[in-house]
Structures are given as structure tokens and as C-alpha cells.
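Down below is the structure, laid out as C-alpha cells.
The values are calculated or read from the model by the stated rules, or taken from the named source; none is laboratory data. Please read all numbers here as calculations on a predicted model, not as lab measurements. Cβ placement follows ideal geometry from the backbone for every residue including glycine, while neighbour counts extend to all protein chains displayed.
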Amino acid sequence: MSSTYLLDTNVFLFDPLALNNFSDCDVVLPLEVIEEIDKFKRESSETGHNARATAQTFDELRQRGSLRAGINLDNHCRLRIAAEHYDFNATQHRNAAEALLQLALQIQAECPAQPPVIISKNVNLRVKADALGLPAQDYEPLDAVDATDITGWHRRDLPLPEITRLQDGGGLDFRQEHLQPNEFVFAREIGRPKNAVCARLDCAGEELLPILDTTRVICGIRSLNIEQTFTINALLDPQISLVTLSGKAGTGKTLLAIAAGLQQIFADGRYQRLLVFRPTLPVSRDLGYLPGELSDKMRPWMQPVFDALEFIRGQDRKNPARVLPHDVLGCPEISVEPLTYIRGRSIPNQFIIIDEAQNLTPLEVKTVITRVGAGSKIVLTGDPEQIDNPYLDARSNGLTCLVKRFLPSPLSAHVTLIKGERSELAETAATLL
């Protein structure tokens, strides 16, 4: 007998293709789930987009037969919408959570040997299910991965001749290490760990090549640790189109990304503009109540970006080889926007930064990446342990899924930054609190 799964509304609002992630099972939805999805379809947000996409999927599926009786899906699942207990005369209908629990209890009573499993992103619903003796699970994409599994760099102890070869600019055959393209290596001499060199795998993941310019200054900003050295190398390499940076607050993710973008616009002429986007999740529903134009409403949420720009400008002024124009904060080459504005655009020849990317779903990240035009570079930064979206976690957020998917790609590089450099107090707080 196949397993039975009852899917909550938030599963489809998180992933409109969720049905594709099940196989060889029965999927049952109470009619209340369809009603709740319908309530979100007019929103202009990603949630609204997902609601409309889900509704379209169900409309296409009903062409195959009766959803009430059940239809067969391509992944050997059977989908059924349960409407037999729906009271059309009620002045106030049950919400989807109540309907799921009641339907699960009914199916469990009919088949105690194999109770149905409720799938929901709602923690409280899963707790209620457990209290009623019902199995319940979180919904996670098939490629969900622990955020700490992938760092993008490794330590290796090598014999002196190999260390010397790297320091002299030569490469090493590293195929036996089975590392991924563009992964970084901090190579230390065996027995003398202070004799070390930073290096990176080539785009084929076969040859280890040294990073010789480890003191590069970008707009007055220089590397303070090995992770930042790796980060700057990836940000400045025109052959790498996608860079992902993760780490706790104060490790320099956003600061280095902005500095690298400014360097390559005003000094190198590689890109035409710097675009910085941030998800507006925490403030989106409150924007309409704030005074002023959209730029005024967004200013508090975008302030960390402006703070980074101000700091970089101050550091650049101390640099003898000054890069930035005097009025850099107001120049047309820099644009700071809410991420909502990226849908439907094609963005060529620009340096794009998506800050706080851990608050994006995998589908939202796909939407963002597919906006990147020819000659552009995109950088996503975030801390998978600090997520504001109630339906995401360190394993299922878009940034983490993107890192895993692009790990074998020669177009991408990832660095997890560990050491905080903002201040001793900030580093201690990020670690202890």
C-alpha cells in the first residue's frame, strides 16, 4: 500500500512545483487548501506568483480527469481533492489547518496500519498533529542541504616542493583530491604550517593554481583573513559569473562585494553599473503606511547598503590611488533597489549584488539568476542561520540550494566566511548570542 500525504497551503506558496517532489504515493488535499491558495492569487509578491502558478497547475491537471475521484500524475502519484466534508452552507468555513487535521484523523481511522502524513511549513500545525497522534513533516526541496556542508575552501598540508612550486607561480595536478571547479585551498607545508599559500582550483577542477596577489586593495579595502582573500579573488575574476558568499554578521560579505563592484566599474571599466538588491520581506506589508516616496520608504531597509558605501568611500579617500568619484553616493552608476523590481528584467554588463539572499526561496533565486544578461556578474550574500522568512530554514533557503546546485559549475565560486572583522564586540556577539 502506498503512502498518503496531505499537503498544506504553505507548501504550494513556497514551491508551486511541490507535487513533482513526491513519487509513488497518494497526495490528498482538502478543498480548504484550494480556497486558501485562491486568497493569495492577487498579490504582486512572490507568494502571489506562486499561488497563480499553483492554480494554473491544478487547472491543467483537471483536464486529465476528476480531481475529486483522483488522477494519476507523471511521477506515479495519485492526486485527489477531498470535498466530501465541505459544508457549502456554512457561514464560516474551516481553515486549511483544521481541515487537514480532521481529514488526517478520518483517513487514520480508516487505515490505522498506515496513517497519512501531513506535510506543512507551519511549525504549529506540525505540533498540533503530533499532539493528535498524527505524523507530520516539514516540506523541504529534494536538494535541501546543511548550510555548513559546503564552505568553498579547504585546508591541505603539502610537502615543501609542492608549496615552493605554488609560491613560484606553478600549478599542481589536484585531480586526486576530487574538489570542485573554483574551490579554494589554503595549502600549508607539512611540519611548518606558517609556510603557506592561497590557491584555487581551475575551472575544470583539475589543477591547483596559486593566488599570487593576496594584498590587492579594492577601493581602499584589503583582505584581513584567508576567507576574504578567497572572496576578493572570486569577485574580481571575470571568468566567474556567479559568486555566493555566506557567513555570520561582520565577516565582510556585503562590504567586499560592493567594494569589488565599485573597483571594476570606476577603475577597471569592466561593468557599467552597480545594482544592489535586498529582499523586502520584513517591511513589505508596512511600506504603504510610511510617509514619502518609495525611495524614502525603502531607505531604512536599505540603510546597511548605504552604510557600506559610506565606509568604502571613507577608506578610498585614504588610498593614494583613489578610485571613487567624490559624489559616489549620488552617482548614476550605483542603484540600490528592492528585489521586487527585478522580475521581468534583463540586466547586461552590470555588477549585481543580492544582499540577504538567505530570505529567498529557491524559486525566487531562480527568478533572480535568470535575469542576468550577457557581460554581467551576480553576487549573492547571506547568513543561512539568520532567516526572517517563516517558511525557510538553513537547509531549504534559496541561497543554500543555489550553492549546492552550482557547486560543479565552472561559472561559479562559493566562499563561507568565518572570522568576523567588524569589531571584537560584534564578533563575540555573533558567536555567543
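Data overview
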item: Subset of the stretch 186-231 [polar (S, T, N, Q) and either part of a loop (DSSP other than H, G, I, E, B) or under 22 Å from residue 379 (Cα atoms) (or both)]; result: 214, 215, 223, 225, 228, 229, 231
item: Which numbered condition residue 11 fails, given (1) part of a loop (DSSP other than H, G, I, E, B); (2) touching a residue at least 24 places away in the same chain (Cβ under 8 Å); result: (1)
item: Residue list for the stretch 265-277, filter: surrounded by fewer than 21 Cβ atoms within 10 Å (Cβ to Cβ) and touching a residue at least 24 places away in the same chain (Cβ under 8 Å); result: 266, 267, 270, 272, 273
item: When residues of the stretch 149-181 are limited to those that are of a type in the set (A, V, I, L, M, F, W, C) and in contact (Cβ under 8 Å) with a residue 40 or more places away in the chain, the one farthest from residue 381 (Cα to Cα); result: 166
item: Which numbered condition residue 24 fails, given (1) surrounded by fewer than 15 Cβ atoms within 10 Å (Cβ to Cβ); (2) in contact (Cβ under 8 Å) with a residue 60 or more places away in the chain; (3) acidic (Asp, Glu); result: (2)
item: Any hit, the stretch 243-263, residues being over 18 Å from the mean Cα position of the chain (by Cα), within 20 Å of residue 413 (Cα to Cα) and surrounded by fewer than 17 Cβ atoms within 10 Å (Cβ to Cβ); result: no
item: Residue within the stretch 413-427 that is under 21 Å from residue 343 (Cα atoms), in contact (Cβ under 8 Å) with a residue 12 or more places away in the chain and either assigned by TED's automatic domain parsing to the domain that holds residue 252 or not in a helix (DSSP H, G or I) (or both) present; result: no
item: Residue 330 among the small types (Gly, Ala, Ser) and touching a residue at least 24 places away in the same chain (Cβ under 8 Å); result: no
item: Every residue from the stretch 97-137 that is over 21 Å from residue 22 (Cα atoms) and touching a His at 6+ places or on another chain (Cβ under 9 Å); result: 99, 102, 106
item: Strands (runs of 3 or more DSSP E) (entirely within the stretch 334-405) containing at least 2 residues that are buried (at least 23 other Cβ atoms within 10 Å of the Cβ) and not aliphatic (A, V, I, L, M); result: 377-382
item: Long-range neighbours under 6 Å by Cβ, at least six apart or interchain, first residue outside the structural domain of residue 10 (by TED's automatic domain parsing) within the stretch 47-76, second of a type in the set (D, E, K, R) and assigned to a helix (DSSP H, G or I); result: none
item: Any hit, the stretch 401-418, residues being in contact with an Asp or Glu (Cβ under 9 Å, 6 or more places away or on another chain), of a type outside the set (Val, Ile, Thr) and within 20 Å of residue 45 (Cα to Cα); result: no
